[in-house]
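The values are calculated or read from the model by the stated rules, or taken from the named source; none is laboratory data. It should be emphasised that the depicted structure is a prediction, and the values quoted were computed from it without experimental measurement. Every residue, glycine as well, gets a Cβ built from its backbone with ideal geometry; the counts of neighbours run over all protein chains shown.
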Amino acid sequence: MNATSYSRPPRLLKEHEVARVVAAGRRLGYPFGTLAEVMALTGGPPRAARFMRWTDINREEAVWTPRAQKDEPAPPESLPLVPDVLKLLDAVPVQDHTYVFAGPTGKACADNARKRAVIAKAAGLDNFEFADVWHTLQSDLNHPEQRETLENWASLILSMIAPPNQPDTETSPPADKAQPEPARD
């Protein structure tokens with residue numbers, strides 16, 4: 001299986017699951033965690049997001065123009081970048097590489113099952129694929145009000161995440177799932 005293959009077809013995530021991906025991304029940080037956050041808030045295609053270049057971002061218009069990638073459907077002409085995503089991009093520690101999500105050598109962040117498993121574990125999701133996030137947002141982004149849709153989406157998802165240094169109580173699964181009791185001293 002190559003790096004662009006998926007183990008299963010993408011599935012629609014519930015809003016609280018996307019919020020958990022964003023919260024996990026925040027805990028894990030740059031590059032892979034920040035990539036997860038940006039994908040969850042833009043709805044960008046997974047490979048196009050991994051290979052996002054600084055030159056693909058128009059800060060004046062606050063848009064990202066994803067490049068076509070092998071093994072992915074054609075990306076949208078451009079995707080709006082909401083203020084929360086622009087803040088994430090501003091916080092990227094190394095901005096002198098070609099790629100936004102680059103490793104120490106400047107190459108684009110590699111996608112592999114091990115890294116997806118780290119995000120899945122941190123988010124508490126089984127069988128996670130980045131394509132799930134993309135698939136979840138696609139139907140909502142096929143109309144002229146993309147910016148408003150993404151602003152509302154980002155607001156909803158971020159409202160479900162606990163403030164920094166607080167437990168992620170808002171991103172917990174619904175109450176119908178039994179949770180283990182905390183250990184008592």
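Return a yes/no flag: does region 28-51 have any residue that is part of a loop (DSSP other than H, G, I, E, B), under 13 Å from the mean Cα position of the chain (by Cα), over 20 Å from residue 137 (Cα atoms) and of a type in the set (Ser, Thr, Tyr). Scanning region 28-51 turns up at least one residue that is part of a loop (DSSP other than H, G, I, E, B), under 13 Å from the mean Cα position of the chain (by Cα), over 20 Å from residue 137 (Cα atoms) and of a type in the set (Ser, Thr, Tyr). Listed conditions (1) among the polar types (S, T, N, Q); (2) surrounded by fewer than 19 Cβ atoms within 10 Å (Cβ to Cβ); (3) not in a loop (DSSP other than H, G, I, E, B) are all met by residue 69, apart from (3). Residues in region 120-151 that are more than 18 Å from residue 8 (Cα to Cα), in a helix (DSSP H, G or I) and small (Gly, Ala, Ser): 122, 123, 139. Does region 40-50 contain at least one residue that is more than 19 Å from residue 159 (Cα to Cα), at pLDDT 90 or above, crowded, with 21+ Cβ neighbours inside 10 Å and in contact with a Gly (Cβ under 9 Å, 6 or more places away or on another chain)? Among the residues of region 40-50, not one is more than 19 Å from residue 159 (Cα to Cα), at pLDDT 90 or above, crowded, with 21+ Cβ neighbours inside 10 Å and in contact with a Gly (Cβ under 9 Å, 6 or more places away or on another chain), which makes the answer no.
Is it true that residue 98 is of a type outside the set (Asp, Glu), surrounded by fewer than 22 Cβ atoms within 10 Å (Cβ to Cβ), closer than 18 Å to residue 45 by Cβ and modelled with pLDDT of 90 or more? So residue 98 fails the test. Return a yes/no flag: does region 155-162 have any residue that is surrounded by 10 or more Cβ atoms within 10 Å (Cβ to Cβ), modelled with pLDDT under 80, under 19 Å from residue 49 (Cα atoms) and aliphatic (A, V, I, L, M). Within region 155-162, none of the residues are surrounded by 10 or more Cβ atoms within 10 Å (Cβ to Cβ), modelled with pLDDT under 80, under 19 Å from residue 49 (Cα atoms) and aliphatic (A, V, I, L, M). Within region 109-150, the residues that satisfy the criterion of being at pLDDT 90 or above and either at positive phi or touching a strand residue (DSSP E or B) at 6+ places or on another chain (Cβ under 8 Å) (or both) are 124, 147, 150. Checked against (1) within 17 Å of the chain's Cα centre (by Cα); (2) more than 17 Å from residue 14 (Cα to Cα); (3) of a type outside the set (Val, Ile, Thr), residue 68 passes all but a single condition, namely (1).
If you go through region 31-42 and keep only what is closer than 14 Å to residue 85 by Cβ and either touching a strand residue (DSSP E or B) at 6+ places or on another chain (Cβ under 7 Å) or among the hydrophobic types (A, V, I, L, M, F, W, C) (or both), you end up with 35, 36, 38, 39, 40, 41, 42.
What residue, of 62, 36, is among the small types (Gly, Ala, Ser), at pLDDT 90 or above, surrounded by 21 or more Cβ atoms within 10 Å (Cβ to Cβ) and under 22 Å from residue 153 (Cβ atoms)? Break it down stepwise before answering.
On the way: 62 fails: surrounded by 21 or more Cβ atoms within 10 Å (Cβ to Cβ).
The unique qualifying residue is 36.
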